[in-house]
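All remarks here apply to the structure that follows.
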Amino acid sequence: MPEALANKIAAGEVVQRPSSAVKELIENAIDAGATEVSVIVKSAGSELVQVVDDGCGMAREDAVACFLRHATSKIRSIEDLERIRTLGFRGEALASIAAVSQVELRTRRVEDAVGTLVRIDGGSLSTTEPVATAPGTSVAARHLFYNVPARRSFLKTPATEFKHVVDVFQSLALSNPGIGFHLYHQDAEVYRLPAADAATPLERLRFRVQSLLGDELADNLVDVAEETSYLSVQGFVSRPAYHRRSRGEQFLFVNERYVSNRYFEHAILSGYSEALPEGAFPFFALFLSLDPRHVDVNVHPSKAEVKFDDERGVYGFIRAVVRKALGTADLVPQLEDSYLPGYHRAPGEGALARATAGGPAPAGFAGAGGGSPFHGLTPGDLAERLYAPGHQEDEEGGILPSGAEPSSAETLEGAPGRGLLWQLHDRYILTQIRSGLMIADQNAAHERVIYEWALNKFENGLGMPQQLLFPQAIDFSSADFELLKEILPELRLLSFDIVLLSGRSVLVRGVPQDIRSGDERSLLEDILEQVKLNRERLRLKGRENLARSVARRSAIRPGQKLTEKEMRELIDRLFECEMPYACPNGRPTMVKISLDELDRRFGRARLDR
Ligand code: ADP
Ligand code: MG
């Protein structure tokens with residue numbers, strides 16, 4: 001197949017509409033290390049798409065070679081190949097754009113005295129000559145699809161096409177706040193976005209959101225920052241009071257890549273529960289990062305679609321994180337309205353910025369087993385502190401030591417009898433918190449606790465198993481025996497004391513103290529069963545799988561009666577978790593009903609109280 005034809009076909013994949021060319025060219029500028037990127041568009045991109053950068057530029061040979069398919073300079077190693085799979089570097093963007101437009105490239109490296117001009121018309125080279133030009137690169141693609149009439153007629157109205165261009169521009173601007181961006185349409189400046197130079201990623205993002213979307217939104221941002229071993233999320237959501245009647249200001253990124261995924265957009269929305277009016281859309285810019293092996297990014301031409309190996313878990317996590325962020329933000333005006341003259345609203349950014357900068361985590365997010373910063377406090381205290389992080393911090397944004405003077409807010413709002421625990425139908429644990437009522441699901445809560453306990457054990461090695469009085473010999477089927485052998489080293493890290501006997505039998509001499517005691521045989525069989533299920537259904541591997549399996553199969557079941565001491569210990573341990581709000585499968589571990597909510601339901605106006 002002639003190269004030009006191949007390019008034209010490939011172009012259909014990469015360049016669907018003007019905004020796809022905009023995206024590819026901006027990404028190239030970013031890859032080239034640009035600090036300033038200008039995007040110039042005419043007639044919504046069908047007449048001209050031009051991107052000018054101050055990046056590394058290209059040598060003469062490269063300026064021609066970059067239009068060859070698979071000309072990418074980015075594949076140098078096997079790891080690069082993995083990145084390519086996940087980020088979609090394919091080395092065919094320029095070739096594709098050039099196949100369906102008239103391209104003019106001007107480029108110069110700083111070290112070269114003179115630059116290079118290359119013109120390509122419908123995929124064939126028409127000019128290469130030296131040219132005087134600033135260091136960096138400018139690529140102009142004119143008359144997109146001039147030689148593919150079918151494709152050209154498929155374009156939507158200029159307004160729609162321009163909206164796609166703006167979407168692409170906004171998403172790249174948000175994910176690269178350290179780079180300055182300009183957008184011009186029909187010679188008019190649409191956006192001028194100075195580079196943000198704040199110290200932390202979240203602060204840079206805040207600055208960028210402000211210049212891109214305005215002060216009103218910037219005043220209504222709520223920080224989101226959560227990290228677990230599987231997934232981390234950071235960014236902003238808007239306060240419920242700020243919303244739009246149409247979707248649009250919604251940006252979800254996975255491993256730095258802008259993606260579209262209705263399912264997770266729904267997770268975010270449901271994190272607002274009833275706080276948003278019917279038909280209203282919040283703003284969000286959330287960056288998810290996780291091991292690329294747990295996520296499939298399908299780089300479809302117009303949008304990147306993502307699929308996680310544990311969709312439900314991620315859904316629940318996102319919802320819980322948003323809920324938590326908003327829950328805390330909502331509390332603040334409530335306190336400010338009330339009789340708390342001396343109460344300063346502590347900057348929420350403090351702890352989050354530290355968290356994103358890799359500093360110490362805010363109190364209450366110490367890893368499970370890492371020693372509770374709340375030792376000696378009742379669960380009620382714990383929950384209240386967690387739900388009101390404004391109180392975790394002193395004026396410098398530092399974390400109050402657990403023994404410190406309670407803030408004025410705490411003494412004022414402290415309620416008699418707090419810390420009482422109540423088990424409802426042997427399934428749910430009820431307790432009073434400052435803002436109202438908290439209901440924990442004993443099973444989900446315990447799953448979370450065991451899961452993090454297990455991950456922690458994997459990291460921190462051996463503990464003392466609880467030695468069985470009567471070691472148990474157990475025979476397994478050959479498949480289970482093989483599996484058991486495979487995960488034995490990990491089981492040992494979890495303090496299972498197991499020795500292999502001859503044949504397919506093992507001797508269990510000890511089990512972890514922290515998990516369900518009783519029938520060791522069915523416990524082990526249950527765990528093996530769950531490991532198999534997780535492999536098949538969730539494609540979970542290794543430790544993540546085992547941690548979840550142990551959690552799933554050894555957690556307190558619904559219907560199990562708990563003593564007050566057991567409930568207290570469970571809630572205590574839950575709040576020592578990194579991510580207390582959802583079980584590893586994404587179900588919530590707790591639900592909070594605020595006094596406001598109760599008052600509303602009982603038809604009690606605010607002033608009656
Ligand atoms: P890819 O970005 O996947 O490598 P492209 O077709 O987009 O493929 O670009 C091909 C190559 O051209 C890049 O790998 C890079 O070496 C070079 N290139 C493209 N745009 C620029 C630019 N703005 N500045 C410097 N080099 C560039
Ligand atoms: Mg590229």
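The values are calculated or read from the model by the stated rules, or taken from the named source; none is laboratory data. Remember, it's a predicted structure, so these values are computed and weren't measured experimentally. No Cβ is skipped: glycine too gets one built from the backbone with ideal geometry, and neighbour counts run over all protein chains shown.
Set side by side, the residues Arg604, Arg587, Arg552, Arg557 differ, and just one is crowded, with 21+ Cβ neighbours inside 10 Å, of a type in the set (Lys, Arg) and either without any contact (Cβ under 8 Å) to a residue 24 or more places away in the chain or in the same structural domain as Asp426 (by TED's automatic domain parsing) (or both), which is Arg552.
Taken together, the residues in the range 28-63 that are more than 10 Å from ligand 1 (Cβ to nearest atom) and closer than 26 Å to Gln16 by Cβ amount to 13. State whether the residues of the range 88-96 include one that is away from ligand 2 (no atom under 12 Å from the Cβ) and modelled with pLDDT of 90 or more. Scanning the range 88-96 turns up no residue that is away from ligand 2 (no atom under 12 Å from the Cβ) and modelled with pLDDT of 90 or more.
Residue by residue, here is whether (1) outside the structural domain of Gly313 (by TED's automatic domain parsing); (2) under 20 Å from Glu27 (Cβ atoms); (3) out of contact with any strand residue (DSSP E or B) (no Cβ under 8 Å at 6 or more places or on another chain); (4) aliphatic (A, V, I, L, M) holds:
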{"residue": "Arg244", "(1), (2), (3), (4)": "no, no, no, no"}
{"residue": "Glu256", "(1), (2), (3), (4)": "no, yes, no, no"}
{"residue": "Tyr263", "(1), (2), (3), (4)": "no, no, yes, no"}
{"residue": "Ser273", "(1), (2), (3), (4)": "no, no, yes, no"}
{"residue": "Leu288", "(1), (2), (3), (4)": "no, yes, no, yes"}
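Filtered by the rule that a residue be aliphatic (A, V, I, L, M) and either modelled with pLDDT of 95 or more or within 17 Å of Phe496 (Cα to Cα) (or both), the range 545-561 gives Leu546, Ala547, Val550, Ala551, Ala555. Number of residues in the range 513-543 that are within 26 Å of the chain's Cα centre (by Cα) and in a helix (DSSP H, G or I) equals 9.
Restricting attention to the range 161-177, the residues that are over 15 Å from Val49 (Cβ atoms) and in contact (Cβ under 8 Å) with a residue 60 or more places away in the chain add up to 5. Within the range 118-137, residues that are under 21 Å from Asn28 (Cα atoms) and in contact (Cβ under 8 Å) with a residue 12 or more places away in the chain sit with their Cβ atoms under 9 Å from residues that are within 16 Å of ligand 1 (Cβ to nearest atom) and of a type in the set (Phe, Trp, Tyr), at 6+ positions apart or across chains, in these pairs: Val118/Phe67; Ile120/Phe67; Gly123/Phe67; Leu125/Phe67. Hey, does the range 35-42 have a residue that's part of a loop (DSSP other than H, G, I, E, B), under 21 Å from Tyr184 (Cα atoms) and either touching a Lys or Arg at 6+ places or on another chain (Cβ under 9 Å) or away from ligand 2 (no atom under 15 Å from the Cβ) (or both)? Yes, some residue in the range 35-42 is part of a loop (DSSP other than H, G, I, E, B), under 21 Å from Tyr184 (Cα atoms) and either touching a Lys or Arg at 6+ places or on another chain (Cβ under 9 Å) or away from ligand 2 (no atom under 15 Å from the Cβ) (or both).
Of the residues in the range 101-120, at least one is closer than 16 Å to Ser20 by Cβ and among the hydrophobic types (A, V, I, L, M, F, W, C). Of the residues making up the range 514-537, not a single one is more than 19 Å from Phe476 (Cα to Cα), in contact with a Gly (Cβ under 6 Å, 6 or more places away or on another chain) and small (Gly, Ala, Ser). Applying the selection to the range 527-544, what residues are at pLDDT 90 or above and surrounded by 17 or more Cβ atoms within 10 Å (Cβ to Cβ)? Selection gives Ile527, Leu528, Gln530, Val531. Which residues, taken from the range 255-274, are buried (at least 17 other Cβ atoms within 10 Å of the Cβ), in contact (Cβ under 8 Å) with a residue 40 or more places away in the chain and in a helix (DSSP H, G or I)? Residues satisfying the conditions are Phe264, Ala267, Ile268, Gly271. Among the residues of the range 113-157, those that are of a type in the set (Ser, Thr, Tyr), part of a strand (DSSP E or B) and in contact with a strand residue (DSSP E or B) (Cβ under 6 Å, 6 or more places away or on another chain) comprise Thr116, Ser126, Thr127, Thr128, Thr137, Ser138. Here is a list of conditions, (1) at pLDDT 70 or above; (2) farther than 26 Å from Arg208 by Cα; (3) more than 15 Å from the chain's Cα centre (by Cα), and Leu331 meets all of them except one; can you say which number that is? Among (1) at pLDDT 70 or above; (2) farther than 26 Å from Arg208 by Cα; (3) more than 15 Å from the chain's Cα centre (by Cα), the lone unmet condition for Leu331 is (1). Checked against the criterion of being surrounded by fewer than 23 Cβ atoms within 10 Å (Cβ to Cβ) and modelled with pLDDT of 90 or more, the candidates Glu3, Glu13, Glu82, Glu36 yield just one match: Glu36. Contact map, the range 208-220: first residue over 17 Å from Ala198 (Cα atoms) and crowded, with 18+ Cβ neighbours inside 10 Å, second residue aliphatic (A, V, I, L, M) and modelled with pLDDT of 95 or more, Cβ cut-off under 8 Å, separation 6 or more or different chains; pairs are Leu217/Val209. Taking Gly55 as the residue in question, decide whether it is assigned by TED's automatic domain parsing to the domain that holds Arg17, touching a strand residue (DSSP E or B) at 6+ places or on another chain (Cβ under 8 Å) and at pLDDT below 65. Taking the combined requirement at face value, the residue does not satisfy it.
Checking the condition surrounded by fewer than 23 Cβ atoms within 10 Å (Cβ to Cβ) and touching a residue at least 40 places away in the same chain (Cβ under 8 Å), which residue from Ala95, Ala140 passes? Being surrounded by fewer than 23 Cβ atoms within 10 Å (Cβ to Cβ) and touching a residue at least 40 places away in the same chain (Cβ under 8 Å) holds for just one of Ala95, Ala140, which is Ala140. Would you pick out the residues in the range 577-593 that are out of contact with any Asp or Glu (no Cβ under 8 Å at 6 or more places or on another chain) and more than 15 Å from Gly271 (Cα to Cα)? Within the range 577-593, Pro580 is the sole residue that qualifies. Can you confirm whether Val131 is surrounded by fewer than 18 Cβ atoms within 10 Å (Cβ to Cβ) and within 16 Å of ligand 1 (Cβ to nearest atom)? Yes: the conditions hold for Val131.
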